[in-house]
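Q: Here it is: the structure, laid out below.
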Amino acid sequence: MSSRYVQPLRILAQSGFLGFVIWLGVRYYRFVQMMSSGADGSVAIRPDGIDGFLPISGLLGTVSWLEGYKINSVHPAAVIVFVTVILVSFLLRRSFCSWICPIAAVSEWSWKWGFHLMRRNLRLPSWLDILLRSLKYLVMAFFIYSVAIAMSPEAQLRFIQSEYHMTADVRLMNFFLHISPSACGVIITLVGLSLLMRNPFCRYLCPYGALLGLVALFSPLRVTRDPDRCVSCGVCSQVCPAYIDVMHKSTVASPECIACWRCISHCRCNGALSMRAVRRFIVPGVLFAVLVVLLFWGGTVCGKLSGHWHSSLTVEEYVRLLGK
Ligand code: SF4
Ligand code: SF4
């Protein structure tokens, strides 16, 4: 059965999550405005899902949790989202990057638009591409070293309870609301590059993507090619946003594969390409789509049901911290 329908499903999931994130951001902005103005805090509700934008807090909280401490109550949702994304990446490869992440969604729409305008996307020479790809692993290693190795468990706890960490979400929002000219220049450059080439931020800079790619190496799922059905047309290699030469692989194990299904959807030889578990069992696209959404959403539901979602910071504490 053709898997063409997977791409509309994926774009629907991306758009839905992007819309959700914008809605979350607006609610969070209103909450902070209300707290900053000293208005009656009893009517303000903090949307805790905003903690999903604090991956360093998520990493720190997860490391502390694995060391035997409780999931911290300052930004528990950051830990839940972080663990959920890691689990999703193990089970369904880097599907978070191509189905859920709003930054990757905007990046993908940009290079598609660039392709539409210029009829091509730029590709760097392989030596430069490999060199730049290593950057995201260096950034990832820096964060993991700083959080999990350089800090003692006691130092991690102190940082988690610090006022800096308590207001990390507000700091992040203020970074974008009062963006410096240099940061603005970096973002404009990245947006411009995203029009010219496929996913430059995800490919070269995102430490989260680097980590998820390494986790996905252990995933039982892989794009698998049947050489007996393949007619070597090369379409799968052409459409791959990660520039993986799918046509010459029997299975795609690369950490760059973002499980977008573009190769499978564009292949016109029925059965030549499929997503398989342990190389044997074919995973239908619709099942994959449902699992991505359900697992991600289910992770947050588990966090809420287990009491590890709402921040313990009171409205009074927020007002005090924001007033400083
Ligand atoms: S698109 Fe399908 S038929 Fe063409 S090279 Fe790839 S796997 Fe083979
Ligand atoms: S190999 Fe296929 S699923 Fe993986 S990134 Fe390339 S097009 Fe997407």
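The values are calculated or read from the model by the stated rules, or taken from the named source; none is laboratory data. Because the structure is a prediction, the values reported are computed rather than measured. Here the Cβ positions follow ideal geometry from the backbone for every residue, glycine too, while neighbour counts run over all protein chains shown. Heavy atoms of the whole protein, side chains included, go into the accessibility calculation; ligands, DNA and RNA do not. Shrake-Rupley method; radii C 1.70, N 1.55, O 1.52, S 1.80 Å.
Q: Does at least one position in the stretch 145-162 carry a residue that is under 30 Å from Leu12 (Cα atoms) and of a type outside the set (Gly, Ala, Ser)?
A: Taking the stretch 145-162 first, the residues under 30 Å from Leu12 (Cα atoms) are none.
The answer is no; no qualifying residue exists.
Q: Answer yes or no: is there a residue in the stretch 227-244 that is more than 21 Å from Val293 (Cβ to Cβ), touching a strand residue (DSSP E or B) at 6+ places or on another chain (Cβ under 8 Å) and touching a residue at least 24 places away in the same chain (Cβ under 8 Å).
A: From the stretch 227-244, those more than 21 Å from Val293 (Cβ to Cβ) are 227-240, 242-244; that's our starting set.
From what's left, touching a strand residue (DSSP E or B) at 6+ places or on another chain (Cβ under 8 Å): 230, 236, 244.
Filter once more, so that each one left must be touching a residue at least 24 places away in the same chain (Cβ under 8 Å): 230, 236.
Checked against the condition, which is being more than 21 Å from Val293 (Cβ to Cβ), touching a strand residue (DSSP E or B) at 6+ places or on another chain (Cβ under 8 Å) and touching a residue at least 24 places away in the same chain (Cβ under 8 Å), the stretch 227-244 yields at least one hit.
Q: Give the residue that is farthest from ligand 1 (Cβ to nearest atom), with candidates limited to residues of the stretch 221-268 that are assigned to a loop (DSSP other than H, G, I, E, B) and charged (D, E, K, R). Give the steps one after another, and end with the answer.
A: Narrowing the stretch 221-268 to residues assigned to a loop (DSSP other than H, G, I, E, B): 226-234, 240-245, 249-250, 253-261, 267-268.
The next check asks that each one be charged (D, E, K, R); those that pass are 226, 228-229, 245, 249, 256, 268.
On the way: Asp226: 8, Asp228: 11, Arg229: 7, Asp245: 10, Lys249: 9, Glu256: 17, Arg268: 7 Å.
Checking each candidate, the answer is Glu256.
Q: Now for a different question. Is there a residue in the stretch 291-305 that is within 15 Å of ligand 2 (Cβ to nearest atom) and crowded, with 20+ Cβ neighbours inside 10 Å?
A: Checking the stretch 291-305: at least one residue is within 15 Å of ligand 2 (Cβ to nearest atom) and crowded, with 20+ Cβ neighbours inside 10 Å.
Q: Moving to a separate point now. Looking at Val85, Val6, Val21, Val79 in this structure, which one is among the β-branched types (Val, Ile, Thr), modelled with pLDDT of 95 or more, within 16 Å of ligand 1 (Cβ to nearest atom) and surrounded by 15 or more Cβ atoms within 10 Å (Cβ to Cβ)? Before the answer, list the steps.
A: On the way: Val85 fails: within 16 Å of ligand 1 (Cβ to nearest atom); Val21 fails: within 16 Å of ligand 1 (Cβ to nearest atom); Val79 fails: within 16 Å of ligand 1 (Cβ to nearest atom).
Exactly one residue qualifies, and that residue is Val6.
Q: In this structure, is Val215 free of Cβ contacts under 8 Å to residues at least 60 places away in the same chain and more than 10 Å from ligand 1 (Cβ to nearest atom)? Give the steps one after another, and end with the answer.
A: On the way: free of Cβ contacts under 8 Å to residues at least 60 places away in the same chain: no; more than 10 Å from ligand 1 (Cβ to nearest atom): yes.
The answer is no for Val215.
Q: Mind counting the residues in the stretch 299-324 that are in contact (Cβ under 8 Å) with a residue 12 or more places away in the chain and in a helix (DSSP H, G or I)?
A: Adding up the residues that qualify gives 11.
Q: Let me ask you something else. Could you tell me which of the residues Glu67, Glu108 is over 30 Å from Ala155 (Cβ atoms) and in contact with a Pro (Cβ under 8 Å, 6 or more places away or on another chain)?
A: On the way: Glu67 fails: over 30 Å from Ala155 (Cβ atoms).
So the residue among Glu67, Glu108 that is over 30 Å from Ala155 (Cβ atoms) and in contact with a Pro (Cβ under 8 Å, 6 or more places away or on another chain) is Glu108.
Q: Inside the stretch 230-252, can you point out the residues that are aliphatic (A, V, I, L, M) and either open to solvent by less than 10 Å² (accessible area, probe 1.4 Å) or near ligand 2 (Cβ under 10 Å from one of its atoms) (or both)? Even if it seems obvious, please write down each step before you answer.
A: Going through the stretch 230-252, the residues aliphatic (A, V, I, L, M) turn out to be 231, 235, 239, 242, 244, 246-247, 252.
Val239, Ala242, Ile244, Val246, Val252 - these are the residues of the stretch 230-252 that are aliphatic (A, V, I, L, M) and either open to solvent by less than 10 Å² (accessible area, probe 1.4 Å) or near ligand 2 (Cβ under 10 Å from one of its atoms) (or both).
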